[in-house]
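Quick notes on the structure that follows.
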Amino acid sequence: MQSEHDNLRSALEWSLEGHAGEDAGLEMAAAMSWFWIKRGHLGEGRVWLERALANEGASPRLTAKALTGLGSITFFQGDYPTTKRFAERSLERSREADSHAESALSLGLLSVLAFESGDVERSVQLARECLDAAAACGELWRASPALQCLAYQAMQAGDFDEACRIAQEALDHCRRKGDTWGIGMCLSDLALFRVLQGQYVDAEQLCSEALAVTRELGDRLLTAFFLSFLAGAQAGQGRHRRAAQLWGAMHALLDSVGAPLQPSHKMWIGDRFITAAEVSLGTSAFEQALAEGRAMSLDQAVQLATNARP
């Protein structure tokens, strides 16, 4: 799809003009939503999906699918109020269509959003509803976002063994489905838990495995997540300059796809580890290392992340 991106744009434009049937443009845009997310085309995907959703006469299930895709994009853009509106509309249309499959994804998105917004109790409630919907449609991989939230809840409660068990369950679902991007997301969770446990070498190994996945996908957003966890692992081991460089490279990747630093990453990695690195280095040296990281290309950042430690 990446190599045919220009052709896909032309086909989507043609479809939205009504040449291929009333719902064809929305169907194509909904199908492309994860391509835009996984390849970092967040702004472009949002424009296409918003335009496609102007067709209010489409089937409830198709509309729900497109709204979930759009809500996922706005979530990664940090636009949480808009994400909530899209996800709630998606859930309404999913239930109108009696589609447990689409309901599961809508509920999963709402659960992740509630967690990032600080409402852990609501997140857990929505996650359990998501698990029920995924079981009802027989597609358990759709519960991966819910499992992610339940793992985070266990982590916050200090039960890292349970957090890792749940994350491993989600990883197993993604492996069975062959969802490479989902595998990367689950490895991201496991890496974060290991950093917070102080198991830095294990975290580095997980990130190394996952960076191979993200490089295969060309996914700058997910790559940025792993750079942040590696920065935390480096800072935890006293390698503060390297941590600052990785933190700067992470910010550059986030900027390149128009995504902000998620509040949870700021709290768990930035506040706990990167602030300590800045204190240790001093503001001037920290800012210099941060700027060096920001100036790196994607290949240079990954090389820094995966090279043997000095």
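What net charge is computed for the residues neighbouring Pro60, neighbours being all others with C-beta under 15 Å from the C-beta of Pro60, Lys and Arg scored +1, Asp and Glu -1? Within the 15 Å Cβ shell, the charges total -4. Accessible surface computed residue by residue for the chain, with neighbouring protein chains in place and a 1.4 Å probe, gives 42 Å² per residue.
You can think of it this way: the chain between Glu209 and Glu56 has 50.8 nm of extra reach, that is 0.36 nm per residue less the Cα-Cα gap.
What's the carbon and sulfur percent of the stretch 173-308's accessible surface, probe 1.4 angstrom, rounded to a whole number?
Values: 2600 of 5320 Å².
On the stretch 173-308, the fraction of accessible area on carbon and sulfur atoms equals 49 percent.
Checking (1) 157; (2) 142; (3) 124 against volume of the Cα convex hull per residue in Å³ calculated from these atoms, the matching label is (3). Can you bin the stretch 147-205 into rounded, prolate or oblate? Criterion: square roots of the alpha carbon gyration tensor eigenvalues sorted a ≥ b ≥ c, rounded for a/c under 1.5, prolate for a/b above b/c, oblate for the rest. Note, shape of the stretch 147-205 comes out oblate. Here the extension length gained between Gln237 and Arg176 equals 18.4 nm, from 0.36 nm per residue of separation less the Cα-Cα distance. Per-atom-type breakdown for the stretch 62-132 gives carbon and sulfur 47% of the accessible area (1.4 Å probe, protein chains only). Estimated at the nearest 10 Å², the accessible area of Thr180 is 40 Å² with a 1.4 Å probe. What percent of all Cα-Cα pairs in the stretch 167-234 falls into each 10 Å bin, going from 0 up to the bin containing the maximum distance? Whole-percent P(r) values from 0 Å outward: 25, 55, 20, 0.
FRET efficiency for the pair Gln197 and Glu121, taken as 1/(1 + (r/R0)^6) with r the Cβ-Cβ distance and R0 = 30 Å, rounds to 0.80.
Multiplying the residue separation of Ser256 and Ser280 by 0.36 nm and removing their Cα-Cα distance gives an extension gain of 5.8 nm. The string of couplings for the stretch 250-261 from the Karplus curve (6.51, -1.76, 1.60, θ = phi - 60°) is 4, 4, 5, 5, 4, 4, 5, 10, x, 10, x, 5 Hz, one whole number per residue in order, with x for Gly and Pro.
Summary value for the chain: 12 percent relative contact order, contacts being C-alpha pairs under 8 angstrom separated by 6+ residues. When you filter the GluC sites (Glu not before Pro) in the stretch 89-157 for DSSP loop state and at most 14 other Cβ atoms inside 10 Å of their Cβ, nothing is left.
The values are calculated or read from the model by the stated rules, or taken from the named source; none is laboratory data. These numbers were taken from a predicted model, which means no experiment stands behind them. Because the Cβ atoms are built from the backbone with ideal geometry, glycine has one as well, and the counts that use them run over all protein chains shown. For accessibility, only protein heavy atoms count, side chains too; no ligands or nucleic acids. Shrake-Rupley method; radii C 1.70, N 1.55, O 1.52, S 1.80 Å.
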